Amino acid sequence: MKASVKRKLLYRVGAAGSLENAVEDVRQLAENIWYKGYHPTWAELETLRSVMSSESFQRSLCVLELLSQYPVCCRDTARHLQQLTRRYHHQLLGDEDVRPQGRYSPSQRWGLTDTTISLRKALLPLQTRIYADAKADRHGLSA
């Protein structure tokens, strides 16, 4: 998938109106990030930021942060996504970016009323070792 197509996918995730409406797009985005090496860049996110509402952009960032939390996400990819989202969180919300320890809701951290339950359920089949091994040579579950 070309970068512009992936950027459109990231746009659709945020512009869906709620995360509940973006489940299939989030699954596709997860596939691209976890197994196809997609690393959204600062420039891509800045382009999206210029054409999206603040809430829609925050929804896209929330999904990137969520995807970075899964063990199937390669460590370097997870670190990259967390750096991007941390930087934007500070810029947009202006508070200290101290992530809660343990399990927390990225949607609440981003000030969204969206829930992530259906996303988490939809992502479960994509993160098994068998699925991951069939999709990519290198992933977060690799030895």
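The values are calculated or read from the model by the stated rules, or taken from the named source; none is laboratory data. None of the values given here were measured: they were computed from a predicted structure. Neighbour counts run over all protein chains shown; Cβ positions are idealised from the backbone, glycine included.
Selection of first residues in region 22-35 that are farther than 15 Å from THR116 by Cα and of second residues that are not in a helix (DSSP H, G or I), restricted to Cβ pairs under 7 Å at least 6 apart or on distinct chains, gives the following pairs, ordered by first then second residue: ASN32/MET1; ASN32/TYR38; ILE33/CYS73; TRP34/VAL72; TRP34/CYS73; TRP34/HIS139; TYR35/ALA136; TYR35/HIS139.
Looking across LEU81, LEU119, LEU66, one residue alone is in contact with a Pro (Cβ under 6 Å, 6 or more places away or on another chain), closer than 17 Å to LEU10 by Cβ and modelled with pLDDT of 90 or more. It is LEU66. The number of residues in region 20-72 being of a type in the set (Phe, Trp, Tyr) and within 15 Å of LYS135 (Cβ to Cβ) comes to 4. Of the set (1) touching a Leu at 6+ places or on another chain (Cβ under 8 Å); (2) under 22 Å from HIS89 (Cα atoms), all apply to ARG129 but (2).
Residue-wise test of (1) within 22 Å of VAL5 (Cβ to Cβ); (2) of a type in the set (A, V, I, L, M, F, W, C); (3) surrounded by 14 or more Cβ atoms within 10 Å (Cβ to Cβ); (4) out of contact with any Ser or Thr (no Cβ under 9 Å at 6 or more places or on another chain).
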residue	(1), (2), (3), (4)
TRP42	yes, yes, no, yes
GLU46	yes, no, no, yes
SER56	yes, no, yes, yes
SER60	yes, no, yes, yes
THR113	no, no, no, no
SER142	no, no, no, yes
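Residues in region 102-119 that are free of Cβ contacts under 8 Å to residues at least 12 places away in the same chain and of a type outside the set (S, T, N, Q) were compared, and the one that is nearest to THR85 (Cα to Cα) is TYR104.
Kindly indicate the residue of region 1-54 that is among the basic types (Lys, Arg), assigned to a helix (DSSP H, G or I) and within 21 Å of LEU123 (Cβ to Cβ) and also nearest to the chain's Cα centre (by Cα) among those meeting that condition.
ARG27
Only one of these is touching a Cys at 6+ places or on another chain (Cβ under 8 Å), of a type in the set (D, E, K, R) and either surrounded by 17 or more Cβ atoms within 10 Å (Cβ to Cβ) or modelled with pLDDT under 95 (or both): ARG109, ARG86. Name it.
Working: ARG86 fails: touching a Cys at 6+ places or on another chain (Cβ under 8 Å).
After ruling out the rest, the residue left standing is ARG109.
For region 1-33, a residue qualifies if it is of a type in the set (Ser, Thr, Tyr) and loosely packed, with under 15 Cβ neighbours inside 10 Å, and the qualifying residues are SER4, SER18.
Scanning region 66-98 for residues that are in contact with a helix residue (DSSP H, G or I) (Cβ under 7 Å, 6 or more places away or on another chain) and closer than 14 Å to THR41 by Cα gives THR77, ALA78, LEU81, GLN82, LEU84, THR85, TYR88.
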